[in-house]
Each structure stands twice: as C-alpha cells, then as structure tokens.
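*Asks:* Handing you this structure, nothing more for now.
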Amino acid sequence: MINLAIIGTSWITQQFIEAADETKSFKLTRVYSRTEAKAQTFIDGLSKELDSSSIKISTDLDKFFASEDFDTVYIASPNALHFAQARQAIESGKNVIVEKPSTSIIREYTILDTLAHEKGVYFFEAARQIHEPIFKKIQAYVDANREQLTGATLSYMKYSSKMDSFLAGNKPNIFNPKFSGGALYDLGVYAVYDSIVLFGAPNKVDYEPELLSTGIDGSGSLTLKYDKFDVNIIVGKTKNSYMPSEIYFGKNTLLMDSAGDITKISEANADKQISVIPTTKSDNPMDSEAVEFARIMNENDTATYDKLSSYARRVNRVLEQARTSAGLVFEADKEK
C-alpha cells in the first residue's frame, strides 16, 4: 500500500484522491494546508466511501515532510510553489506526483529530476490525459498512419472560473505572473503534451499571446514546427470555444472534441463521411494516471518511468521556449 499525503485542497486534489482510492493501491494518511480548518473541511468533503477517520493534518511544511506516515505526496498548489515543495519532498525521501506544469522554468525541472534520481525516489508530472484509454486509441491511430501525417490543430479554451473576479479588479493566482499563471501554463499544457507524445519534440516554437493587464496571457496561439508539418495550438481562459481538435493525414482527418478533456474521437474521410471510433472514458479522468503511477512504483518499472520523464522534460522545455518567444516573464525567471 502506498501511503499518500497531499498539498493543495482544491477540487482537482479531491478528484485525484478519489481516483487513487479506487486503485486500492493508495491510502490517504495526511493533508497539508495553511489552516487546520481548511484541511478539515477538505477531509469532510471527501467521498463517504473513503475512510477518513485516520487522516492527519499538518499546517507546518517542515513537520509535514518529516512525517513518517506517508511515502508519496501529491502536490496541487499554485504553479510557482511546485518547485520548492517538490524539492523539499524529494530531499525528505518522498515520491512526488505534481500537477502539470511541475515547474515554472526548465532549470527547475532539471534540478528536481536529477535530485529524484540521486535520492532514489519517483518524480511524476501528473499529465492525466496521456494515460487514458481514449488517448491510447489516438496514439495508436497516429502510429498506424504516421506516413500520411500532415499536421494538427489543437484547441482548448474554457472561460475561467476566476475570470469574473479578475474583471472585478482582483488578481487571482491563475492570472498572476508571481504564481506562474496564464493560459499557456494551464490549459496549454494539455495540448503541448498531446504534441510531444504524439509527434515528438518540435524544431521551433512560437507563441503569440493576448495579454491581460497583469502581463499574463489570457489566451494565445502557439505554433510548433516539425520537419514536414506544423501543429497549431489555440488556448484560452478568457472565452469558451466549442471547436474540435484535428489531426490531419492528407485526405483523412482524426477529430477530437478537445485537446485536453477528450471524450470523443472520430475519423473523417475524403468523402466527408464521419465515423465514430469506439472507446471508453472513465467518470473520473484521473483514474488511469493513478493506476499507472501506482503500478510503476509497485513494479519499479524504470523503463516506463524514464519515458514519462522524457515527455515531461520536453513539455517543460517547450513551455519555456514559448514564453521566451512571446516575452512573457514569471517571477521564477528572476530568481537565481
């Protein structure tokens, strides 16, 4: 049994905890929050099927990481806090599962990756969609038709739940350069992961953002250039889009209803006939990654772990290249 602790008490943490519990490989033992009341509210809101009677609370990070009742920590704090918290966890001998993007800059990722190998622990970036059966179907389709591949358009835009607060004059973390926020480092990560896993690392990266008053990108258009084709990525947190994502194979096109939360895929042929490709989708989109992370740790599957690490490294590099091309600056860029 993998004893699990968490940092971050948002809805995404609850979703991961419920997915982890379903695997029967994880047991939640400790919750960190800045206040005990907030941690207790989170625990009280967990599924009734999850035994929460023995979960402990920490409000001090040093004491939290010194605890011996967990060996793995899931981190879902604001992006800018990931590096310091993951580093402390790894130095304390804990396995780490951190929400994407795991770091604000590629230098931070390299430090954590190197440190994890030195300490003999796992450092996972939680890119949930690449573990789902529906994504595996997309991957198999691309592999089978790679010779005909001619490009892709990937779209993921959702009006942020924090946008109204921002428009009212507040500065939510997601729209704050101090916390490494913005559309690219939130929804854009999904599409970049799609590209890296399906097509590999691009030769050139160019990002054209629509900037908000904080200097953060509210939306934007990212172009990844490969040897024989381009991938165009459209991301945004200031508007809703219902445009599908597409991968092109000459006369044929693979359609996805999203670049992130993919629930349906289909194929369009030269005669404009569209055929749905049968697949499965779990009610909890984090089920597959929780199962895979547990399997890798329990079986010590270093080959798969190294492959996932290579994906994460390439994704974080592309994100930084995209920001650099657009002149987007985070507080983390200024730290030495």
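*Asks:* Given the peptides 241-249, 67-75, arrange them by the average over their residues of other C-beta atoms within 10 Å, most packed first. Can you show the working numbers first?
*Replies:* Values: 241-249: 17.0, 67-75: 19.2.
My ranking of the peptides, most packed first, is 67-75, 241-249.
*Asks:* Setting aside same-chain residues fewer than 8 positions from Lys204, which lysines have a Cα under 18 Å from its Cα?
*Replies:* Those lysines meeting the cut-off are Lys225, Lys228.
*Asks:* Taking Cα centroids, how far is the stretch 263-331 from the stretch 108-174 in Å?
*Replies:* 6 Å
*Asks:* Lysine pairs, Cα distance under 20 Å, 8 or more residues apart or cross-chain: how many in the stretch 1-137?
*Replies:* Total qualifying Lys-Lys pairs in the stretch 1-137 comes to 16.
*Asks:* Any idea what the relative contact order of the chain is, in percent, if you count C-alpha pairs under 8 Å spaced at least 6 apart? Write out the running numbers ahead of the final one.
*Replies:* Numbers: 649 pairs, mean separation 63.0, N = 336.
Relative contact order here is 19 percent.
*Asks:* At R0 = 25 Å, how high is the FRET efficiency between Thr35 and Ser213 if r is their beta carbon distance? Nearest 0.05 is fine.
*Replies:* Values: r = 30 Å, r/R0 = 1.22.
Calculated transfer efficiency: 0.25.
*Asks:* Put Glu210, Glu132, Glu118, Glu147 in order of accessible area, largest first, 1.4 Å probe: what do you get? Before the final figure, lay out each step's value.
*Replies:* Numbers: Glu210 100, Glu132 5, Glu118 135, Glu147 170 Å².
The ordering from most to least exposed comes out as Glu147, Glu118, Glu210, Glu132.
*Asks:* No solvent, one uniform scatterer per C-alpha: report log10 I(q)/I(0) for the stretch 231-336 via the Debye equation at q = 0.14, 0.15, 0.22, 0.24 1/Å, two decimals.
*Replies:* Log10 I(q)/I(0), no solvent term: -0.93, -1.03, -1.21, -1.23.
*Asks:* From the helices alone, meaning DSSP H stretches of at least four residues, give me the mean residue ellipticity at 222 nm for the chain, per-run term -39500 (n - 2.57), in deg cm²/dmol to the nearest 500. Mind showing how you got there, number by number?
*Replies:* Numbers: 10 runs with 118 residues, N = 336.
For the chain, the value works out to -11000 deg cm²/dmol.
*Asks:* Starting from the Cα coordinates of the stretch 25-155, work out the convex hull volume and express it per residue in Å³. Mind dumping the intermediate values first?
*Replies:* Working: hull volume 22.8 nm³, N = 131.
Roughly 174 Å³ of hull volume per residue.
*Asks:* Moving to a separate point now. Report, for the chain, the % of DSSP beta bridges that are antiparallel, rounded to 5.
*Replies:* Numbers: 30 of 57 bridges.
Expressed as a percentage, antiparallel bridges in the chain total about 55.
*Asks:* Determine, for each peptide in 199-208, 98-107, the mean count of other beta carbons within 10 angstrom over its residues, then list the peptides with the highest first. Please list the in-between numbers first.
*Replies:* Values: 199-208: 15.9, 98-107: 23.3.
Those peptides, ordered most packed to least, come out 98-107, 199-208.
*Asks:* Turning to a different aspect of this structure: Among Leu198, Met1, Ala116, flag the residue with its Cα farthest along the positive direction of the charge dipole of the chain, charges on Cβ as +1 for Lys/Arg and -1 for Asp/Glu.
*Replies:* Leu198
*Asks:* When N counts the residues of the chain, how does its alpha-carbon radius of gyration compare numerically with 2.2 N^0.38 Å, as a ratio? Provide the component values of the computation, followed by the final result.
*Replies:* Numbers: Rg = 19.9 Å, N = 336, 2.2 N^0.38 = 20.1 Å.
Dividing the Cα radius of gyration by 2.2 N^0.38 Å gives 0.99.
*Asks:* Related question: Given the protein chains as shown and a 1.4 Å probe, how many square angstrom of Met256 are accessible, to the nearest 10?
*Replies:* Probe radius 1.4 Å; accessible area of Met256 about 10 Å².
*Asks:* What order do Val315, Val291 take when sorted by accessible area (1.4 Å probe), most exposed first? Don't skip to the answer; put the middle values down first.
*Replies:* Numbers: Val315 0, Val291 80 Å².
The ordering from most to least exposed comes out as Val291, Val315.
*Asks:* Related question: For the stretch 87-197, state what percent of all Cα-Cα pairs lands in each successive 10 Å bin, counting from 0 Å until the bin that includes the largest distance.
*Replies:* 12, 31, 31, 22, 4, 0
*Asks:* For the pair Ala84/Asn252, report the inter-label distance in nm, with labels modelled 7 Å from Cα in the Cβ direction.
*Replies:* For the pair Ala84/Asn252, the computed spacing is 5.2 nm.
*Asks:* Same structure, new question: Going by average Cβ neighbours within 10 Å, how do the peptides 319-332, 37-50 rank, with the highest at the top? Let's see the in-between values first.
*Replies:* On the way: 319-332: 18.8, 37-50: 13.8.
Going from most to least packed, we get 319-332, 37-50.
*Asks:* While we're here: Multiplying the sequence separation of Ala201 and Met243 by 0.36 nm and subtracting their Cα-Cα distance, what value in nm do you get?
*Replies:* On the way: separation 42, 0.36 × 42 = 15.12 nm, distance 2.50 nm.
In short, 12.6 nm is gained.
*Asks:* Here is a further query. Mind listing the long-range amide H neighbours of Phe124? Cut-off is under 5 Å, sequence gap 5 or more, other chains count too, H placed in the peptide plane at 1.01 Å from N.
*Replies:* Amide H neighbours of Phe124, under 5 Å, 5+ apart: Val96, Ile97, Val98.
*Asks:* While we're on this one: I'd like the accessible area for Thr9: 1.4 Å probe, protein heavy atoms, all chains in place, Å² to the nearest 10.
*Replies:* Result for Thr9: roughly 40 Å² accessible.
*Asks:* A further question follows. Report the FRET efficiency, 1/(1 + (r/R0)^6), for Lys225 and Lys63, where r is their Cβ-Cβ distance and R0 is 51 Å, rounded to 0.05.
*Replies:* 0.60
The values are calculated or read from the model by the stated rules, or taken from the named source; none is laboratory data. Everything numeric here is computed off the predicted structure, so don't read it as measured data. Glycine also receives a Cβ, built like all others from the backbone with ideal geometry; neighbour counts cover every protein chain displayed. The protein model used for the area step is the full one, side chains on, heavy atoms only, and it has no ligands, DNA or RNA in it. Shrake-Rupley method; radii C 1.70, N 1.55, O 1.52, S 1.80 Å.
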